[in-house]
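Enquirer: One structure coming up, written as structure tokens, with questions to follow.
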Amino acid sequence: MPASDQGVSRDRYMLIPRTLIFITRGESVLLLKGASDKRLWSNRYNGVGGHVEQGEDVLTAAKRELLEETGLAPEALWLCGTVTVDSGDSIGIGIYVMKGICSEGNPQVSNEGELEWVPISDIQAKNLVEDLPVLLPRVIAHTRGDDPFFAHYHYNQHGELVVDFTKN
């Protein structure tokens, strides 16, 4: 279908595509502790990732972001799920959550923050970004070939994050 038939209009709800990647090695997961000078997530742990650039597919964007931020190239990388983030505006965020396995190499220094292999048993004790206590257990449990999960994030009237997972 040509672009003219796609129904693209500024009047419709739009999503900005992003990737969020979690790499495992044995019983650890690679997390990024945000640099202290970052505007968002300063000194908080998150996965790595970023924006999908125009002309990229999601997997290519995830591999690029992972290489840029960690210097690592995983042996396997797959889609675990998608998250739609309602910003309360006509433009939201679409996050493609990826999981990978990387058994070799050390992460490079990143200006995004400090990369750390965190034992899975220690994750909940870390200062995580607000959605990770709910999201990360699903990602860790996800194995290649599992159905992806689908989630919707929004904020309630008190400014608290609400995470809704759709039942498959």
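Enquirer: For segment 16-28, which positions are surrounded by 13 or more Cβ atoms within 10 Å (Cβ to Cβ) and either more than 19 Å from ARG64 (Cα to Cα) or among the small types (Gly, Ala, Ser) (or both)? Walk me through how you get there before you give the answer.
Expert: Kept after step one, since they are surrounded by 13 or more Cβ atoms within 10 Å (Cβ to Cβ), are these residues of segment 16-28: 16-25, 28.
Scanning segment 16-28 gives ARG25, SER28.
Enquirer: What number goes with the only condition from (1) on the phi < 0 side of the Ramachandran plot; (2) surrounded by 13 or more Cβ atoms within 10 Å (Cβ to Cβ); (3) modelled with pLDDT under 95; (4) not charged (D, E, K, R) that TYR13 does not pass?
Expert: For TYR13, the failing item is (2).
Enquirer: Could you tell me which numbered condition THR143 fails, if it satisfies all but one of (1) β-branched (Val, Ile, Thr); (2) surrounded by 14 or more Cβ atoms within 10 Å (Cβ to Cβ); (3) not in a strand (DSSP E or B)?
Expert: Failing condition for THR143: (2).
Enquirer: Same structure, new question: Counting only residues that are in contact with a Cys (Cβ under 6 Å, 6 or more places away or on another chain) and surrounded by fewer than 18 Cβ atoms within 10 Å (Cβ to Cβ), how many does segment 73-92 have?
Expert: Kept after step one, since they are in contact with a Cys (Cβ under 6 Å, 6 or more places away or on another chain), are these residues of segment 73-92: 74.
Adding the requirement that they be surrounded by fewer than 18 Cβ atoms within 10 Å (Cβ to Cβ) leaves none.
So the count comes out to 0.
Enquirer: Need pairs with beta-carbon distance below 9 Å; first residue buried (at least 18 other Cβ atoms within 10 Å of the Cβ) and within segment 93-116, second assigned to a loop (DSSP other than H, G, I, E, B) and of a type in the set (Phe, Trp, Tyr); sequence gap 6+ or separate chains.
Expert: The qualifying pairs are GLY113/TRP41.
Enquirer: Next question, about the same structure. Scan segment 45-64 for residues that are basic (Lys, Arg) and part of a strand (DSSP E or B) and jot them down.
Expert: The first filter runs over segment 45-64 and keeps only residues basic (Lys, Arg), leaving 63-64.
None - no residue of segment 45-64 is basic (Lys, Arg) and part of a strand (DSSP E or B), so the list stays empty.
Enquirer: May I pose another question? Against the definition (assigned to a loop (DSSP other than H, G, I, E, B) and touching a residue at least 40 places away in the same chain (Cβ under 8 Å)), how does LEU79 come out, yes or no?
Expert: Values: assigned to a loop (DSSP other than H, G, I, E, B): no; touching a residue at least 40 places away in the same chain (Cβ under 8 Å): yes.
Considered against the rule, which asks whether it is assigned to a loop (DSSP other than H, G, I, E, B) and touching a residue at least 40 places away in the same chain (Cβ under 8 Å), LEU79 comes out as no.
Enquirer: Can you find, within segment 111-139, the residue that is farthest from TRP41 (Cα to Cα) among those that are of a type outside the set (Val, Ile, Thr) and touching a Ser or Thr at 6+ places or on another chain (Cβ under 7 Å)?
Expert: So the first thing to find is which residues in segment 111-139 are of a type outside the set (Val, Ile, Thr), and the list is 111-117, 119, 121-122, 124-128, 130-133, 135-138.
Retained after the next criterion (residues that are touching a Ser or Thr at 6+ places or on another chain (Cβ under 7 Å)): 115, 117, 119.
On the way: LEU115: 14, TRP117: 18, PRO119: 21 Å.
By that ranking, first place goes to PRO119.
Enquirer: Let me ask another. Just name the residue that is nearest to the chain's Cα centre (by Cα) out of those in segment 29-51 that are buried (at least 21 other Cβ atoms within 10 Å of the Cβ) and of a type in the set (A, V, I, L, M).
Expert: It comes out as VAL48.
Enquirer: Within segment 47-69, which residues are of a type outside the set (A, V, I, L, M, F, W, C), in contact (Cβ under 8 Å) with a residue 12 or more places away in the chain and either over 22 Å from LYS33 (Cα atoms) or touching a strand residue (DSSP E or B) at 6+ places or on another chain (Cβ under 6 Å) (or both)?
Expert: If the condition is that a residue be of a type outside the set (A, V, I, L, M, F, W, C), in contact (Cβ under 8 Å) with a residue 12 or more places away in the chain and either over 22 Å from LYS33 (Cα atoms) or touching a strand residue (DSSP E or B) at 6+ places or on another chain (Cβ under 6 Å) (or both), then GLY47, GLY49, HIS51, GLU65, GLU69 are the ones that fit.
Enquirer: Taking the stated definitions as given, is SER121 surrounded by fewer than 13 Cβ atoms within 10 Å (Cβ to Cβ), touching a residue at least 40 places away in the same chain (Cβ under 8 Å) and in a helix (DSSP H, G or I)? Outline the logic, then answer.
Expert: Values: surrounded by fewer than 13 Cβ atoms within 10 Å (Cβ to Cβ): yes; touching a residue at least 40 places away in the same chain (Cβ under 8 Å): yes; in a helix (DSSP H, G or I): yes.
It is true that SER121 is surrounded by fewer than 13 Cβ atoms within 10 Å (Cβ to Cβ), touching a residue at least 40 places away in the same chain (Cβ under 8 Å) and in a helix (DSSP H, G or I).
Enquirer: List every residue pair whose Cβ atoms lie under 7 Å apart, where the two residues are 6 or more positions apart in sequence or sit on different chains, the first residue falls within segment 129-143 and is in contact (Cβ under 8 Å) with a residue 12 or more places away in the chain and under 18 Å from TYR96 (Cβ atoms), and the second residue, located anywhere, is of a type in the set (Val, Ile, Thr) and not in a helix (DSSP H, G or I).
Expert: The qualifying pairs are ASP131/VAL163; VAL134/VAL163; VAL139/VAL97; ILE140/VAL29.
The values are calculated or read from the model by the stated rules, or taken from the named source; none is laboratory data. Note that the coordinates shown come from a computational prediction; the quantities given were computed from them, not determined experimentally. Quick reminder, even Gly has a Cβ in these numbers, built from the backbone with ideal geometry, and neighbours come from all protein chains shown.
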